[in-house]
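Take a look at the structure set out below.
The values are calculated or read from the model by the stated rules, or taken from the named source; none is laboratory data. As the structure is a prediction and not an experimental result, all values here were calculated from the model. Cβ coordinates were reconstructed from backbone atoms using ideal geometry, including for glycine residues, and neighbour counts include every protein chain displayed. SASA here: full protein model, heavy atoms, side chains in, ligands and nucleic acids out. Shrake-Rupley method; radii C 1.70, N 1.55, O 1.52, S 1.80 Å.
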Amino acid sequence: MKDIFCKIIDGEIPSTKVYEDDDVLAILDISQTTKGHTLVMPKKHCGNILDCPQELMHKVFDVAQRIGQAEMLVFGAAGVNILTNAGECAGQSVPHFHVHVIPRYLGIDPGFQITMKPQDTSGMDLPRIAQQISENIK
Ligand code: AMP
């Protein structure tokens, strides 16, 4: 079954388009966490960033960067969150790779922060953890 973003890409469901080229579509997020909250996605289906071909992923992030720059310019945003969730347990609710571009406004938005709770690392072997990741980078 098609996911909701594939349906939007195929024109079966309406969306508010921000940008489109042969490979990439950007639309306004229906939830508008802040004014201008945009989703950038590949037109070709990929489940998330981890299974997206590298060249296509670069195109998606290129568009995300340019949209962030435009939002700073046109809306006077003071900053931008650019993020992607991969996997349900990481907060991904639509199983089609997409990058959130969320402009941030000084003093007027409620303050949105990605939850990154520090934990006690005293019992953790950080060099070993880094080594395990490092050795498995392909
Ligand atoms: P995520 O939780 O990272 O998978 O993000 C999915 C995002 O898609 C959420 O922020 C939703 O608000 C947004 N969304 C879901 N359905 C639609 C839709 N039909 N049009 C635009 N955005 C949508």
### Query
Any idea which of (1) part of a loop (DSSP other than H, G, I, E, B); (2) in contact with a strand residue (DSSP E or B) (Cβ under 6 Å, 6 or more places away or on another chain); (3) within 12 Å of the ligand (Cβ to nearest atom) is the one Val94 doesn't satisfy?
(2)
### Query
In the list Asp29, Asp62, Asp21, which residue meets the criterion of being under 22 Å from Asp10 (Cβ atoms), of a type outside the set (Phe, Trp, Tyr), more than 16 Å from the ligand (Cβ to nearest atom) and open to solvent by less than 90 Å² (accessible area, probe 1.4 Å)?
Asp21
### Message
Can you go through Gly91, Gly87 and tell me which one is over 12 Å from the mean Cα position of the chain (by Cα) and at positive phi?
### Response
Gly87
### Task
Considering only residues that are within 20 Å of Arg66 (Cβ to Cβ) and within 10 Å of the ligand (Cβ to nearest atom), look in segment 9-18 and name the one that is surrounded by the fewest Cβ atoms within 10 Å (Cβ to Cβ).
Thr16
### Query
Name the pairs whose Cβ atoms lie under 8 Å apart, with the first residue in segment 19-32 and part of a strand (DSSP E or B), the second open to solvent by less than 60 Å² (accessible area, probe 1.4 Å) and near the ligand (Cβ under 8 Å from one of its atoms), and 6 or more positions between them or separate chains?
Leu25/Ile8; Ala26/Leu39; Ile27/Ile8; Ile27/Ser15; Ile27/Leu39; Leu28/Ser15; Leu28/His37; Leu28/Leu39
#### Entry: Of the criteria (1) modelled with pLDDT of 90 or more; (2) surrounded by 12 or more Cβ atoms within 10 Å (Cβ to Cβ); (3) over 17 Å from the mean Cα position of the chain (by Cα), which one Val74 fails
(2)
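Against the definition (out of contact with any Gly (no Cβ under 7 Å at 6 or more places or on another chain) and under 13 Å from Leu39 (Cα atoms)), how does Ile137 come out, yes or no? First the steps, then the outcome.
Numbers: out of contact with any Gly (no Cβ under 7 Å at 6 or more places or on another chain): yes; under 13 Å from Leu39 (Cα atoms): no.
Against the criterion (out of contact with any Gly (no Cβ under 7 Å at 6 or more places or on another chain) and under 13 Å from Leu39 (Cα atoms)), Ile137 does not qualify.
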### Task
Can you tell me which residue among Lys2, Lys35, Lys43 is surrounded by 13 or more Cβ atoms within 10 Å (Cβ to Cβ), closer than 24 Å to Ala78 by Cβ and away from the ligand (no atom under 11 Å from the Cβ)?
Lys35
### Message
Need the failing condition index for Ala70 against (1) without any contact (Cβ under 8 Å) to a residue 24 or more places away in the chain; (2) over 18 Å from Val18 (Cα atoms), just the number.
### Response
(2)
### Message
Need pairs with beta-carbon distance below 8 Å; first residue touching a residue at least 60 places away in the same chain (Cβ under 8 Å) and within segment 82-97, second more than 8 Å from the ligand (Cβ to nearest atom) and assigned to a loop (DSSP other than H, G, I, E, B); sequence gap 6+ or separate chains.
### Response
Val94/Asp3; Pro95/Asp3; Pro95/Gly47; Pro95/Asn48; His96/Asp3; His96/His45; His96/Cys46; His96/Gly47
### Task
Looking only at segment 78-89, decide whether some residue is of a type in the set (D, E, K, R) and away from the ligand (no atom under 15 Å from the Cβ).
no
